[in-house]
1. Would you please put 484-495, 506-517, 91-102 in order of how densely packed they are, using the mean number of other Cβ atoms within 10 angstrom per residue and starting with the highest?
2. What's the extension gain from LYS320 to GLU447 if we count 0.36 nm per residue and subtract their Cα-Cα distance?
3. Give the calculated FRET efficiency between ASP860 and THR502 to the nearest 0.05, with a Förster radius of 56 Å applied to their Cβ-Cβ distance.
4. List, in the order given, every pair from LYS318/LYS350; LYS271/LYS361; LYS320/LYS466; LYS320/LYS505; LYS271/LYS318; LYS114/LYS654 whose Cα-Cα distance in the structure shown is over 20 Å.
5. Just the number, please: percent antiparallel of the DSSP beta bridges in the range 618-693, rounded to the nearest 5.
6. At a Förster radius of 60 Å, what calculated FRET efficiency corresponds to the Cβ-Cβ distance of LEU38 and ARG767, to the nearest 0.05?
7. Peptides 643-649, 617-623, 793-799: what's the order by average Cβ count within 10 Å, highest mean first?
8. Might you report the magnitude of the Cβ-based charge dipole of the range 784-884 about its Cα centre, with Lys and Arg at +1 and Asp and Glu at -1, to the nearest 20 debye?
Amino acid sequence: MARSAAANVWTAYGLTIGVVAICVAVRYLLDPWMGDSLPLVTAFAAVAAAVWVGGYRPALVAALLAYAACSYLFIDPRGGVKIADAKTLLGLVAYLTTCALIVVFGEHARRSQKEAHEQREVSRVTLRSIGDAVMTTDVQGLVTYMNAVAESLTGWTDAEARGRPLDSVFRIVNEQSRAPVASPALKALREGVVVGLANHTVLIRRDGSEIPIDDSAAPIRDEAGRVMGCVLIFRDVSAARRLQRERADQLLTARVLASIVESSDDAIVSKSLEGIIQSWNAGAERLFGYSPAQAIGRHISMLIPPERLAEEDEIISKLKAGQRIEHFETERVASDGRRLRVSLTVSPIKDADNNVVGASKIVRDVTRQRESEERERLLLGEAAAANAKFRAFFEQGALLAGLMDVSGTLLEANRVVSQIAGYAREDLIGKPLWEAPWWPSPRSREEIKDATDAAARGHAFRAETKYVLAGGEERIADIAIQPIRDSGDRVLFLAITAVDITQRKRLEDDLRNLAADLAEEDRRKTEFLATLAHELRNPLAPISNAARALRLGGGADAAFRSASEMLERQVAQMSRLVDDLLDMSRITRGKIDLRREHVELAPIVQQAVEAIRAQYEAMSHELTVSLPPEPVYLDADPARIAQVISNLLSNACKFTDAGGHIELIVDREGERATIRVRDNGIGIAAEHLSRVFEMFAQVDTSLERSRGGLGIGLTLVKTLVEMHGGTVTVRSDGLGRGTEFAVDLPVLSDAPRARPEAADVPVAPVRRRILVVDDSEDAAESIAMLLEFGGHETKQAHDGVEAVAAAERWRPHVVLLDIGLPKMNGYDACRRIRREPWGRQMFIIALTGWGQEEDRQRSDEAGFDAHMVKPPDYDALMTMIALPPQHSGPHEKVG
């Protein structure tokens, strides 16, 4: 197998090289017409073919080989592989990003195909392994498949039956009338419903023999709901028919036995193992005074004196072991309260599988006989009789029990001690309790001795403690030591009882461990999401910066500017996905707070529209916005409401084909405002409407997954709307008919008082000295390039120690400081700068991939003026840098 796997690997790499060669050759043939444009166009096909043939490793080889060949042959200057300028670098970044996406989606599609193949194989093996006979037909009723059981029952092989009409292979008649029976499969095909056979149906096998069967048929439908065929499932019920006849014979026997029971002078009662009375003969009615109607269905304990309830547990335990109890004498209570002395004979009732399911009791009244004997026993002394009663109660209990004198010496131990703990009575009687062999340690013995001394002084004791069985197993018991007093309140004896609680304690430990594991998993998930966001934002920052720098420095070249804007839009989309993922993490952990204020809805709507303008313009969508004539005011977090609206608009853009129409309509009805986002896109099937708000739900299940997304945007919308006291609903008329989402929110009845507007502070263009600190040279270089385009002077540093030294030497106006730095992290570097007199007025901005609330709080405590998440918004960064230094300081936060 190892050689075969290695051969497959080399084959995949060989095919990859061949595909790359073909794709390069095709581009070479097209070169007279294409020239310098699209030099890598055929390389993407090579990467896609390689990932489909061999997976992501051959695809990575294909990407590198194809780029090297195409760069050498088609990218100026031709005849070499080099990165001559920023445009070539940008092209390489775009090429590698596109190849990465092709590899990711190709690998996903490849694995999905493998899983689908495995699922089909599981279904095939399942049908062949199922215990019932299975046949399928096409829509004309011709046999398309038979499993092994169907072959055995019909006498036809699968190969012989395929293509034949179902009636010629599956012939059925009524067992009594011999009339042909209509096939349920054909009826299922005609009517499109599940159909079952009536009783007394037999199958005529190929050799003419007959088998009684039970079957059902159901239509097979495709994804559109059309009937494509039928599946017929049937089974041999010969054994069931024999069982019915046997039960009829048993019923006759039972009737004979019932007659005997009813004529008996003894009380004969049957009950379930739970103690519920199931039968009650005339003898029982005469003895106890209850009619059958009064007794049947009630618990047998209605006949048992309270002090004898423990007997029932012992009887049930013996019955479960299959033992018969003969001439067991006890007391029972009649309906008028009379105590009856009775002799019981109890036999287990078993089912066909020899399992005990109940008990039959024969009860004989021995009251008069025992009263006579009692008078004789009284002659032997009341003390002996009392001792006998106590012994009966003591031995028939279900607890580990013993009796001690006030010194702690064990006088008696019941049979349960020997049965459960495994110690002989003679090894225990006459010894102090703390010297018993079941204590696991000297400390345990000392604790029990102290408890026994306290009980002798009249103080009851109860505790959970460990004990050891005779076989060496350590277990846990709930032990009680109770003083027994006389009428003068003097302690005469000490009673000890114990219940084994080992299993209960294990379950409690398991629950505690499970809770700890779940908490640890949640902590790890949170750390993973924060790290994932950081690691995703770090490479996004230089890409975003480079794209903006290229656009600013690209002049009037429309194609160059369009490509740069496209990269900026895609980076912004990836940043939104990371933010959505972190928002869901915060919400599930209860870490998100709404910053409510009285706001007007219209500006929030316009803000949301602007946030996704690039997305809908890129897809040539027409977006119309309709607002009510009067202002609508909310008590809400404006940023979160804007996030809700932009998520719904972004969702509409993604699931509407290019050139579609999207409507954003705001209405007010009384004390509620409704925000509707309506599109004419792909729509949602009725069966998927109920799960569109589930986390990670993806209604678009095609292999292409052309719509994208993480599947959390709508979950985030629903959560944020509900946190505002609102609701969100979805409606669609079906696939291809568009979708409408409606958000309902409470509104303020009156307009809030206008707050005095702050006077605008004029911000004049100012040339700043800016120190850029990032351990990624790409990130530092790209942001420095942007700042220099804005007219600022920059220097770079790549670790915390270098950053402090550069700040002291150069005295910049602004420091853009990353957090995760080598040698000294950003927090410590900021503290070092702030401690110096020359660093107290510097404007220090944390520019980092860490963006959770805890990270912002730590940067605040370290002395940063602002906290921005990579990749930063260029305009916001430029505005912040342009602020006069006196507008902000170490304790006045910005951003």
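Laboratory data are not the source of any read-out in this text; all were calculated from the coordinates shown. Bear in mind that the values here come from a model prediction, so they are computed numbers and not experimental data. No Cβ is skipped: glycine too gets one built from the backbone with ideal geometry, and neighbour counts run over all protein chains shown.
1. Packing proxy ranking, top to bottom: 91-102, 484-495, 506-517.
2. Result for the pair: 41.8 nm of gain on full extension.
3. That gives a FRET efficiency of 0.60.
4. LYS320/LYS466; LYS320/LYS505; LYS114/LYS654
5. Values: 8 of 13 bridges.
Taking every DSSP beta bridge within the range 618-693, about 60 percent pair in antiparallel fashion.
6. For R0 = 60 Å, the calculated efficiency reads 0.90.
7. Values: 643-649: 25.1, 617-623: 14.7, 793-799: 18.6.
Averaged packing, sorted descending, gives the order 643-649, 793-799, 617-623.
8. In debye, rounded to 20, the range 784-884 gives about 400.
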